[in-house]
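Participant: Provided herewith is a single structure, encoded as structure tokens, for subsequent inquiry.
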Amino acid sequence: MPTIPSPFGGNDDTLFDSYDEFVPDNAPRPERFLEGHAVLEGRDHVAFHRLTRELFEERKVYDMTFNYNLARLNLDTRHRNAGYRYAVERDDVDDAIDEAGFDRVLRAEFTPTTPFCPQTHTLTIGSFRAWNGLADRHEYDLVRVRAAPMHHQSDAINDQLAELEEMYLATGDVSADPADSAAVGSNPMERARENESTSRGSPDAPF
């Protein structure tokens, strides 16, 4: 397959690591959600991330900024330290899932390219739905997803991911929407424009 020319210089082969290799210097640093758990490295990381590419392709979990499968962000050398890291959950650590029948739980932590990435909300929810909606394709009973704390809305996004997780545990349905989902994920400029539009249309405006 021919390589695709890039507007950033170089070609596809030089801009991306291979799905068959784990490059620690290009991988996101495990943050709060993975602390104390068994972080996947080397072949273990590669194996699950290659499967992730297939599941994301099937469920169309795409980074619309770069127009590629989100799993490829881990391999993009223009954005080192962005993408997913994984850890097998230890049940003796705080906030571990304690549910009968959930013997194998994986944690996935997403680090976006910038602290204000507007797609982090939709990408993490899409990832949760892909991994858990296609759970028969991997060895884990549950994949828990969180955004890394460097994102400016990580607390609000993670609250919704926790809510989605609870709904999935209760119903087995990955398609439910968390409360106030539309209010999370927009950046400050988008919210300012929304507020401006509302005020312009208000019947109480002085002019």
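Readers should treat all values here as calculations from the given coordinates under stated rules, not as data from a laboratory. This is a predicted model, so every value here is computed, not measured. Positions of Cβ are generated from backbone atoms using ideal geometry, with glycine treated the same way; all protein chains shown enter the neighbour counts.
Participant: What share of the DSSP beta bridges in the range 15-197 is antiparallel, in percent to the nearest 5?
Facilitator: Numbers: 11 of 17 bridges.
Rounded to the nearest five, the antiparallel share is 65 percent.
Participant: Here's a follow-up. Given the Cα-Cα distance of residue 179 and residue 116 and 0.36 nm per residue of separation, how much length would full extension add, in nm? Can you show the working numbers first?
Facilitator: Details: separation 63, 0.36 × 63 = 22.68 nm, distance 2.16 nm.
Extending this stretch completely gives an extra 20.5 nm.
Participant: Using the beta-carbon distance between residue 81 and residue 21 and R0 = 22 Å, what value does 1/(1 + (r/R0)^6) give for FRET efficiency, to the nearest 0.05?
Facilitator: Details: r = 16 Å, r/R0 = 0.74.
Once the sixth-power term is evaluated, E becomes 0.85.
Participant: At what distance in nm do the modelled label points of residue 152 and residue 35 sit from each other, each positioned 7 Å from its Cα along Cα→Cβ?
Facilitator: Calculated label separation equals 2.4 nm.
Participant: Set the Förster radius R0 to 41 Å, insert the Cβ-Cβ distance between residue 64 and residue 43 as r into 1/(1 + (r/R0)^6), and round the FRET efficiency to 0.05.
Facilitator: Working: r = 31 Å, r/R0 = 0.75.
FRET efficiency, residue 64 to residue 43: 0.85.
Participant: Quick one: which residues, 5+ away or cross-chain, put their amide H under 5 Å from the amide H of residue 62? H built at 1.01 Å from N.
Facilitator: 70
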